[in-house]
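What follows is a set of notes on a single structure, which appears directly below.
The values are calculated or read from the model by the stated rules, or taken from the named source; none is laboratory data. What you see is a predicted model, and the numbers here were worked out from it, not measured in a lab. Cβ sites come from the backbone with ideal geometry, for glycine too, and all protein chains shown count toward neighbours. Heavy atoms of the whole protein, side chains included, go into the accessibility calculation; ligands, DNA and RNA do not. Shrake-Rupley method; radii C 1.70, N 1.55, O 1.52, S 1.80 Å.
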Amino acid sequence: MKKELDHTGIAVRNMERSIEFYEKVLGAVLIDRYISEAPGVESEIAVMEVNGARTELLAPVNNTTSPIARFIKQKGKGVHHIAYRVDNLEEALAELEQQGIRVMPETLRTNKHGRRLIYLNPADTEGTIIEFCDYPGNREAQPE
């Protein structure tokens, strides 16, 4: 199945300073900014775009349950995940299962823009957090 880079997720401690850096230094445009308080997410998210490439800045909103807070505590700020867009998430999951690659089922969700996503188990990806996602309402949609 075809996989295409969708976005990179960056864990940040200070959202305002991070947005300012992306805008002033990289010439990024702030596409969206929102808070997800869904259990297991608890993050502020800023979607930045530089020449068509998207980056999600991720800041914890809850320092006890946010996975971003745990990530920063364990590894520090920086690249949190790499997201790959697939044509069909169910087919991609079946393909992963055939290959013996586990996912983290508790991360399966649909975000506010209709993007369905799930994280692969880092134990099977050489330690990198990888997200697979699709846009079932519009397979050709640009990520938002």
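What the table below lists for this structure:
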read-out: Under-5 Å amide H pairs with GLY114, H placed in peptide plane, nonlocal only; value: none
read-out: The range 1-69: Rg to Rh, with Rh as the Kirkwood radius over Cα pairs; value: 1.01
read-out: Per-bin percent of Cα-Cα distances, the chain [5 Å]; value: 2, 10, 18, 24, 21, 15, 8, 2, 0
read-out: Difference of contour (0.36 nm per residue) and Cα-Cα distance, PHE21 to ALA53; value: 9.9 nm
read-out: The chain - charge dipole about Cα centre, Lys and Arg +1 at Cβ, Asp and Glu -1, debye rounded to 20; value: 480 debye
read-out: Under 5 Å, built H, 5+ apart or other chain: amide partners of HIS7; value: ALA83
read-out: Cα-based reach from LYS24 at 23 Å (exclusive), listing lysines while leaving out same-chain residues under 8 positions away; value: LYS77
read-out: Selected from LEU117, LEU108, LEU57 as most flexible by GNM, with the chain as the system and alpha-carbon contacts under 10 Å; value: LEU108
read-out: Gaussian network model of the chain, springs between alpha carbon atoms under 10 Å - residue of GLU97, GLU49, GLU23 with greatest fluctuation; value: GLU97
read-out: DSSP loop trypsin sites (Lys or Arg not before Pro) with at most 12 other Cβ within 10 Å excluded, longest remaining stretch of the chain; value: 3-111
read-out: Accessible area of the range 59-144 belonging to carbon and sulfur atoms, whole % at 1.4 Å probe; value: 48 percent
read-out: Only Lys, Arg (+1) and Asp, Glu (-1) charged, at Cβ; the range 1-65 dipole about Cα centre in debye; value: 220 debye
read-out: Isotropically averaged projected area of the range 61-137, using the convex hull of Cα atoms (one quarter of hull area), nm²; value: 5.7 nm²
read-out: Karplus 3J(HN,Hα) series, Hz, for the range 22-35 with 6.51 cos²θ - 1.76 cosθ + 1.60 (x for Gly, Pro); value: 4, 6, 7, 8, 9, x, 6, 10, 6, 8, 7, 8, 7, 10
read-out: Rounded accessible area per residue of the chain, 1.4 Å, Å²; value: 56 Å²
read-out: Contour excess over end-to-end distance, with Cα ends at ALA38 and ARG13 and 0.36 nm allotted per residue; value: 7.1 nm
